[in-house]
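Let me begin by presenting the structure, written as structure tokens, before commenting on it.
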Amino acid sequence: MNSPTLTKDANTSARRLSLADFAPLLTLAAVTLVFAVMAEDFISLGTMTLILKRGAVLAIVATGLTFVLLCAEIDLSVGTLALLSACICGVLWEQPFAAGPKGLGEGSDLDVCIVVAIPFLIALVLGLLSGGLTVSSGLPSFIITLAMMNIAVGLAKFLTLSQKYNVPPMLKRLGNSALMEFGTLKIPQSAALAAVVMLVAHLVLQHTRFGRYVYMTGGNRQAARLAGVRTEQIVVACLVICAWCAACGGLVNAGRLEGVSLDQNADLLLDAVACVVLGGTSLFGGEGGIGRTLIGVLTFTVLRVGLDAVNPERLIKFSSVLPKAWKDAWLQQSWVTSFDLLRPFLLGIVLLLALVIHGRLVKKHRD
Amino acid sequence: MPESAASPPLLDCRQIGVRFGGVVALQGVDFDIRPGEVHGLVGCNGAGKSTLMKVLAGVVPEYTGEIQIDGKPVRLHSPREALAQKIAMVYQELSGIGALSVAENLCLGRQPTSFGRIDWSRMNREAAASLAELDIQIDVRRRLDSYPLVIRQMVEIARGLHSGARVLILDEPTSALSLPEALRLFELIGKLKTRGVAMVFISHFLEDVLAICDRVTILRDGRLLQTRPAQELDRATILHQMVGEERESAADEKTEITLPPAATGAPRLAMRGLQHAGQFADVTLDVKPGECLGLYGFVGAGHQELMHALAGAIKPDRGDVTLDGHALRLGDVPSAVRQGVVFVAADRAQTLARRAPIAHNVTLAHLKRALGGWIVWNREYHVCQPLLERVGCRPPNPSLRAGSLSGGNQQKVVLAKWLLGPIKVLLLEEPTRGMDVHAKAEVMELVAQQKRAGAAVILASTEPELILAHSDRIATFARGRMTRQFSGQRVTKQDLMHHAEDDGTG
């Protein structure tokens with residue numbers, strides 16, 4: 001084998017970057033800019049705290065989903081797996097051996113460990129199950145994980161009997177307390193955890209053999225197979241990682257909400273998919289990465305937080321360009337008085353716009 | 001060359017010419033078909049048979065020359081127009097839809113309806129009737145893919161007739177059929193003749209052509225050599241004309257060689273009784289270190305599938321393979337790769353991730369060996385860059401996407417991938433397909449280097465020239481079985497083609 005010659009003039013940078021590569025970043029900048037103008041006091045440390053807090057769960061789940069999308073599969077069960085994990089944790093916590101009924105007791109460190117570890121074990125089993133069935137049945141993971149989604153939600157309902165359960169104080173702290181405070185900027189523990197998860201995921205994907213196999217399995221499964229990669233194992237591993245991330249996200253979310261009930265994590269799946277795709281990771285595998293997912297999560301959370309912060313009544317009242325007659329008329333309109341109900345619609349429109357523009361840029365770049 | 005006695009041609013092509021870019025694919029070809037005639041079309045790979053038929057099927061609209069149907073000039077711009085002129089094509093790779101019933105396939109696009117809904121009973125009746133006319137007795141309600149290949153092919157033909165075709169183009173109809181199946185197809189063709197259907201029969205199997213055709217047209221290098229009644233021809237004459245004589249000068253275009261005496265010593269790779277249902281049967285072969293074994297056969301002869309089996313991509317039903325005397329695990333690519341049995345598949349869509357950087361493709365198979373446990377781009381770049389220089393990939397830039405390279409350079413990337421690890425047996429399936437002469441020579445030189453370094457090479461191809469130019473020993477395949485081995489003797493292209501159509505009966 002040739003020893004690597006170290007030529008200095010070699011252009012070691014990756015292939016030439018194009019507009020399409022920067023599109024997600026530009027979208028993030030544009031969205032931030034729009035809200036900086038539209039919402040009062042948007043560019044502030046307080047908003048940043050809010051974004052970190054709201055984005056943490058999403059970031060953890062989207063990281064897991066990135067693995068699955070990179071190898072050209074999908075996992076539809078992340079939302080309900082998150083819910084199931086939180087439910088298992090809550091139900092165990094209220095058992096006599098731990099904190100007792102209503103979860104009011106303290107519980108030892110060992111109990112907390114058990115109560116947190118078992119949901120991960122269950123997630124491992126369910127992840128292995130969806131992975132194993134996907135590669136052995138030849139059915140698309142779309143179908144298998146769709147079934148898994150229902151299995152998980154059914155189990156969650158049965159376990160909790162639709163009751164609300166308490167969770168260990170450790171999780172509550174994780175979801176709500178700040179790790180560090182800089183004036184009004186409070187970095188939540190959950191955001192720190194998300195950062196660690198993403199960093200590890202990034203290192204795994206970029207610097208380990210497993211990570212490379214994930215990319216190549218998604219890039220061209222047959223080529224990877226003919227090169228001796230056990231692509232089935234890679235797919236199973238990705239689905240397990242995704243299930244684990246979902247479980248982790250579910251526990252953090254339960255902590256943030258100080259308990260677990262069945263209405264949690266309802267939008268988690270689609271939000272997470274939106275984040276990953278918004279960052280520019282291909283739904284067809286092989287392209288993307290954790291850095292992109294981070295940008296996607298930030299964009300999505302900025303959108304969410306920003307839309308909540310926008311108050312059209314205020315905007316109209318204090319606008320200096322609008323004539324007075326218009327102001328009075330508009331303030332009576334339903335789209336102003338019931339703006340809250342319009343927020344998901346606007347979120348959808350912005351997402352659609354961003355994704356269509358990204359898609360076109362990528363297509364143009366490829367032609 | 002119209003015979004005065006015969007009826008006027010149904011379809012008459014005059015001076016057809018086709019160019020693809022700067023390459024002349026067809027030049028000044030005259031071709032005509034009369035009603036009730038089976039017209040054979042023969043020639044080597046690249047002689048222009050497929051191109052001519054694609055012109056008739058409307059797939060190649062940029063042609064020069066004139067086509068007349070029933071004496072009226074027509075211009076075929078699209079498959080739809082060709083169908084409107086009652087020309088139907090039955091492709092080598094079948095175009096029926098396996099998941100639909102036979103009746104649905106027959107009536108595809110023209111399902112009988114009543115009140116806007118498909119009239120199933122009428123459709124099944126019509127389908128059964130049109131098959132019965134051809135003496136095909138099958139249940140039309142069953143799925144098409146539940147029937148053997150010959151039935152599917154007959155259904156394809158019936159579909160063409162059902163749509164009112166008067167000219168049927170049969171592209172290699174017998175290449176994947178067993179002998180009795182082929183005879184059954186011939187019966188059908190005979191029946192169609194009496195009904196006045198004109199047919200073009202394209203085949204590598206000259207015996208079949210001579211058995212079924214009334215006239216035969218021979219093409220070579222995109223030109224018409226001659227059209228003559230079949231009874232005035234025999235196999236030797238046709239082969240001789242197809243191959244030509246004056247071409248032996250070009251290095252890669254050898255039409256005959258003298259094989260070196262058989263190498264002695266222990267075989268590197270030995271197969272015993274390998275069998276995989278429907279693809280190949282009873283293959284016993286071996287290859288020695290530093291030797292190139294050429295496998296020649298037509299498409300579907302089984303030699304290409306054999307390569308997939310050796311690489312571990314498919315698990316043969318029966319038989320065993322030994323590498324240096326030790327049994328090789330079958331159907332397991334990773335263990336084959338680890339032991340140095342490496343495979344270059346014909347279809348580059350199966351060997352390269354086009355959107356990934358070249359470097360990722362190169363290091364894929366031997367990541368640990370090449371880069372260790374922690375992958376760093378800078379190191380990967382500096383491992384791949386000299387390797388790409390060595391295989392002559394242009395440009396030798398590992399950070400480009402693999403899909404941005406030309407076909408020849410893509411193949412060099414595939415070879416570079418294996419150069420990072422041990423190569424004991426190099427399996428090549430059509431390694432130079434679609435490449436220009438220069439790229440071909442470069443790729444085959446890389447293979448020769450490996451051979452000199454002691455690797456055993458198995459080269460499977462449908463191009464006799466390639467096999468003759470690079471093999472030390474040759475085995476021919478026909479219809480899933482090995483028909484002949486050549487070693488230490490003179491071999492000509494005719495010999496190869498003769499044994500590739502041998503059906504084992506004599």
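The values are calculated or read from the model by the stated rules, or taken from the named source; none is laboratory data. Small disclaimer: the values here were computed from a predicted structure and weren't measured. Backbone-built Cβ (ideal geometry, glycine too); neighbour counts: all protein chains shown. Side chains are part of the model used for accessible areas, which takes the heavy atoms of the whole protein and leaves out ligands, DNA and RNA. Shrake-Rupley method; radii C 1.70, N 1.55, O 1.52, S 1.80 Å.
Miscellaneous remarks
- Counting DSSP beta bridges with both ends in chain B, the antiparallel % (nearest 5): 55 percent
- Estimated dipole of the protein assembly as shown in Debye, rounded to 20 [Cβ of Lys and Arg +1, of Asp and Glu -1, Cα centre]: 1780 debye
- Accessible surface ranking that places the most exposed of B:412, B:315 first, with a 1.4 angstrom probe: B:315, B:412
- Charge context of residue B:455, other residues only, Cβ under 9 angstrom, K/R +1, D/E -1: +4
- Across peptide B:363-373, the mean count of Cβ atoms from other chains lying within 10 Å of each residue's own Cβ comes to 4.
- Charge dipole of the stretch A:47-307 (Cα centre as origin; +1 on each Lys and Arg Cβ, -1 on each Asp and Glu Cβ, all else neutral): 360 debye, rounded to the nearest 20.
- Sequence of A:180, B:89 when ordered by accessible area, the most exposed leading, probe 1.4 angstrom: A:180, B:89
- Global geometry of the stretch A:47-307, whether rounded, prolate or oblate, following the gyration tensor of its Cα atoms and the 1.5 cut on a/c: oblate
- Estimated [θ] at 222 nm from DSSP helical runs (n ≥ 4, -39500 (n - 2.57)) normalised by residues in chain B, nearest 500: -9500 deg cm²/dmol
- Helix-only mean residue ellipticity at 222 nm for chain A, each DSSP H run of n ≥ 4 adding -39500 (n - 2.57), per residue, nearest 500: -23500 deg cm²/dmol
- Approximate spin-label separation residue B:369-residue A:335, in nm, with each point projected 7 Å along Cα-to-Cβ: 6.5 nm
- When the charge dipole of chain B is built from unit charges on Cβ atoms (+1 for Lys and Arg, -1 for Asp and Glu) and taken about the Cα centre, the candidate among B:50, B:359, B:321 whose Cα reaches farthest toward its positive end is B:359.
- In the context of the full set of protein chains, residues of chain B present 40 Å² of accessible surface per residue (probe radius 1.4 Å, heavy atoms only).
- Percent of beta bridges antiparallel (DSSP, the stretch B:11-243, rounded to nearest 5): 60 percent
- Global form of the stretch B:333-376, assessed from the alpha-carbon gyration tensor, a/c cut-off 1.5: oblate
- When chain A is treated as a Gaussian network with alpha carbon springs shorter than 10 Å, the biggest mean-square fluctuation among A:79, A:55, A:107 belongs to A:107.
- Accessible area of residue B:374 (1.4 Å probe, protein heavy atoms only, ligands and nucleic acids ignored): about 130 Å².
- Fraction of accessible area attributable to carbon and sulfur, the stretch B:11-243 (%, probe 1.4 Å): 52 percent
- Over 32 Å (Cα to Cα) - which of B:288/B:315; A:363/B:315; B:191/B:493; A:363/B:86; B:72/B:191 fall in this group: A:363/B:315; B:191/B:493; A:363/B:86
- Under the Karplus curve 6.51 cos²θ - 1.76 cosθ + 1.60, θ = phi - 60°, whole-Hz ³J(HN,Hα) for the stretch A:346-361, x wherever Gly or Pro sits: 5, 4, x, 4, 5, 4, 4, 4, 4, 5, 5, 5, 4, x, 5, 4
- Net lengthening on full extension, residue A:117/residue A:266 (0.36 nm per residue, minus Cα-Cα): 51.3 nm
- Seen through its C-alpha gyration tensor, with square-root eigenvalues sorted a ≥ b ≥ c, the stretch A:25-173 comes out oblate because a/c lies at 1.5 or above while a/b is not bigger than b/c.
- Accessible area of residue B:369 in the full protein assembly, 1.4 Å probe (Å², nearest 10): 140 Å²
- Interchain or long-range residues, amide H under 5 Å from residue B:216's placed H: B:40, B:228, B:230
- Taking a sphere under 11 Å around the Cβ of residue B:372 and counting the other residues whose Cβ falls inside, with K and R at +1 and D and E at -1, yields a net charge of +3.
- Residue B:163 accessible area, 1.4 Å probe, all protein chains in place, Å² to nearest 10: 40 Å²
- Beta-bridge orientation, the protein assembly as shown: approximately 60 percent antiparallel, per DSSP, counting only bridges with both partners inside.
- Within chain A, longest stretch clear of exposed GluC sites (Glu not before Pro) (DSSP loop, no more than 16 other Cβ within 10 Å): A:107-257
- Ranked order, B:234, B:30 - accessible area, probe 1.4 Å, largest first: B:234, B:30
- Measuring nothing but how far apart in sequence close Cα pairs (under 8 Å, 6+ apart) lie, relative to its length, the stretch B:11-243 scores a relative contact order of 29 percent.
- With a Cα cut-off of under 19 Å and a minimum spacing of 8 residues unless on different chains, the lysine pairs in the stretch A:47-307 number 7.
- Loop-located trypsin sites (Lys or Arg not before Pro) in the stretch A:156-226, at most 14 other Cβ atoms within 10 Å (DSSP): A:164
- Per-residue HN-Hα couplings for the stretch A:311-319 [Karplus 6.51, -1.76, 1.60; θ = phi - 60°; Hz; x = Gly/Pro]: 10, x, 4, 4, 4, 6, 4, 9, 5
- Note that the stretch A:161-166 has calculated 3J(HN,Hα) couplings of 6, 6, 8, 8, 10, 7 Hz, one per residue in order, obtained from phi through the Karplus relation 6.51 cos²θ - 1.76 cosθ + 1.60 (θ = phi - 60°); glycine and proline are x.
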